[in-house]
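Student: Please read through the structure below; I'll follow up with questions.
We did not get these values from a lab; they are worked out from the coordinates using the rules stated. From a predicted model like this one, the values you see are computed outputs, not experimental measurements. Cβ atoms come from the backbone with ideal geometry, glycine included; neighbour counts cover every protein chain shown.
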Amino acid sequence: MNHKYQTSLLFLTVACLFIQPSSSSADNPDSATPQLSSSPKIQVTTTDLPELPLELTSFGGAVANGTLFIYGGHSGTAHSYSTEEQSDEFWSLDLQAPQQWKQLPSGPRLQGLVMLPYKNSVVRVGGFTARNAEGEEHDLHSQNQASRFDIAQNRWVDLTPLPEPRSSLSAAIAGDQIFVIGGWALKGEETKWHSTAWKLNLADPNAAWQALAKPPFKRRALFAATHNGKIHVIGGMNSEGGPTTRTDVYDPESDSWLQGPKLQGKPLTGFGSAAHSLGGHLYVSTIDGNVQRLNEAEKKWDVVSEYDPARFFHVMVPWTETKLLLVGGANMSVGKFTDLDSVEIVNE
């Protein structure tokens, strides 16, 4: 880790602005202390993979064809958003022969975006751009851009734009469909929390976005992951009431929503988390420095590993059949991360 003691307290500050006075722990199940599973089967360790080429939070990250890709993100100091502090860089690391990072064709400066793998490509959706210079009053604008990077041709291909600008969103892919959920639209001093969700058929270059059943929430800084054919939407920040550990599940077959179990921990546990499905289980890495696994039989989340220092506003991506990678993000005590941690499933 790069021990640059310029902590990303911005995220905690933003969270606190939305947190309302809460009831006692007895009245608020979200505030329960997480309990480590009696038989943890997950080990989190630092890898010897090459460090990130720059410090980043709120960036896009995905693994496709055995290669890790990262795009955009916030590279500046806490409390400061500007053109100079947003990345437009696009990098890749061959995880099968990880010698060094390779810089790829760039695009717009973005943070609060999503990037996902799709066949021989990665798809980039949404995000916001700062139009102000460093030190000037913030002028932030969410984007409706959607693009696909064709790995074989080494170029970006525009997709149908989102129906509305959207950042601090999440998305997941199931089959040929990408599902975009949550987030808000920033337009200078205006802010609109989205109550809509959409899907796009990536196999059809002429496809239009189609509306999903209305989500039963308005949240941002959430994380969506596909697991067993359904889209699990985890944590985030509510438009009213502050951060949450809530999980909602979208079924593409029935176009319907159900509420799932809450993460273990206080409300902030669900803010800026990262999730991925591997080996038949769904995992989430939280700001509390724990990895939780969905226990579908008992309809709850189990804490299966703890690690220090924790990170948030990072991504968690697959590395091998038994390992995930924690990439980027920040910790409120030690700053931003450039090293990559391994989340390994052991004794399964």
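Student: Asp204 to Gln35: FRET efficiency via 1/(1 + (r/R0)^6), r the Cβ-Cβ distance, R0 41 Å, to the nearest 0.05?
Tutor: It comes to 0.30.
Student: Taking the Cα centre of the chain as the origin, how large is its charge dipole in debye, to the nearest 20, when only Lys and Arg (+1) and Asp and Glu (-1) carry charge on their Cβ atoms?
Tutor: 500 debye
Student: Length gain on complete extension for the stretch Gln96 to His141, per 0.36 nm per residue less the alpha carbon to alpha carbon distance?
Tutor: 12.4 nm
Student: Separate question: Please compute the modelled spin-label separation between Arg131 and Ala152, points set 7 Å along Cα→Cβ, answer in nm with one decimal.
Tutor: Calculated label separation equals 4.0 nm.
Student: Placing unit charges on C-beta atoms (Lys and Arg positive, Asp and Glu negative, everything else neutral), compute the dipole magnitude of the range 100-165 about its Cα centre in debye, rounded to 20.
Tutor: Once rounded to the nearest 20, the dipole reads 480 debye.
Student: Along the principal axes of its C-alpha atoms, what lengths does the range 86-193 span, in descending order and rounded to whole Å?
Tutor: So the three principal-axis extents are 45, 34, 20 Å.
Student: Once you place label points 7 Å from the Cα toward the Cβ at Glu321 and Asp308, how far apart are they in nm?
Tutor: Once both label points are built, they end up 3.6 nm from each other.
Student: Moving on. Work out the FRET efficiency for Glu189 and Gln259 from their Cβ-Cβ distance, taking R0 = 30 Å, and round it to the nearest 0.05.
Tutor: Working: r = 34 Å, r/R0 = 1.13.
FRET efficiency, Glu189 to Gln259: 0.35.
Student: 5 Å is the cut-off here: which amide hydrogens, built 1.01 Å from N in the peptide plane, fall below it relative to Leu278, excluding neighbours closer than 5 in sequence?
Tutor: Residues meeting the amide H criterion: Tyr283.
Student: Which whole-Hz ³J(HN,Hα) couplings does the range 199-206 yield from phi under the Karplus relation 6.51 cos²θ - 1.76 cosθ + 1.60, θ = phi - 60°, glycine and proline marked x?
Tutor: 9, 9, 7, 6, 7, 10, x, 9
Student: Follow-up. If we count every other residue with Cβ under 10 angstrom of Trp156's Cβ, Lys/Arg +1 and Asp/Glu -1, where does the sum land?
Tutor: Taking every other residue near Trp156 into account, the sum is +1.
Student: Also, I was wondering about something else. Taking a ≥ b ≥ c as the square roots of the eigenvalues of the Cα gyration tensor of the range 223-277, is the shape rounded (a/c under 1.5), prolate (a/b larger than b/c) or oblate?
Tutor: Prolate is the answer for the range 223-277, as a/c is 1.5 or above and a/b outweighs b/c.
Student: Below 8 Å between Cα atoms, with a sequence gap of 6+, how large is the relative contact order for the chain in percent?
Tutor: Dividing the mean separation by the residue count of the chain yields 19 percent.
Student: Also: Any chance you could run the full-extension gain for Asn65 through Met332? It's 0.36 nm times the residue separation minus the Cα-Cα distance, nm to one decimal.
Tutor: Additional length available on full extension: 92.8 nm.
Student: So, one more: With a/c under 1.5 counting as rounded, go ahead and sort the range 127-281 into rounded, prolate or oblate using the C-alpha gyration tensor (a ≥ b ≥ c being the square roots of the eigenvalues; past the cut-off, prolate if a/b is larger than b/c, else oblate). Before the final figure, lay out each step's value.
Tutor: On the way: a/c = 1.64, a/b = 1.05, b/c = 1.57.
Oblate, because a/c is 1.5 or more while a/b does not exceed b/c.
Student: Ok, one more. In nm², what is the average projected area of the convex hull enclosing the Cα atoms of the chain?
Tutor: Dividing the Cα hull surface by four gives the mean projection, 16.7 nm².
Student: Here is a follow-up. Percentage of Cα-Cα pair distances in the range 272-348 greater than 17 Å, rounded to whole percent?
Tutor: Cα-Cα pairs in the range 272-348 separated by more than 17 Å: 40 percent.
Student: Now, a different point. If you take the square roots of the eigenvalues of the alpha-carbon gyration tensor of the range 191-292 and sort them as a ≥ b ≥ c, do you get rounded (a/c under 1.5), prolate (a/b over b/c) or oblate?
Tutor: Numbers: a/c = 2.01, a/b = 1.36, b/c = 1.48.
Cα axes put the range 191-292 in the oblate bin.
Student: Report the calculated FRET efficiency for Glu240 and Ser106 (r = Cβ-Cβ distance, R0 = 35 Å), to the nearest 0.05.
Tutor: 0.40
Student: Could I ask something else about it? Could you please state, rounded to a whole Å, how far the C-alpha centre of the range 112-155 is from the C-alpha centre of the range 184-203?
Tutor: Using only Cα atoms, the two centres lie 14 Å from each other.
Student: Please list 3J(HN,Hα) in residue order for the range 80-87, calculated via the Karplus relation 6.51 cos²θ - 1.76 cosθ + 1.60 where θ = phi - 60°; whole Hz, with x for glycine and proline.
Tutor: Once rounded to whole Hz, the list reads 10, 10, 7, 4, 5, 9, 10, 8.
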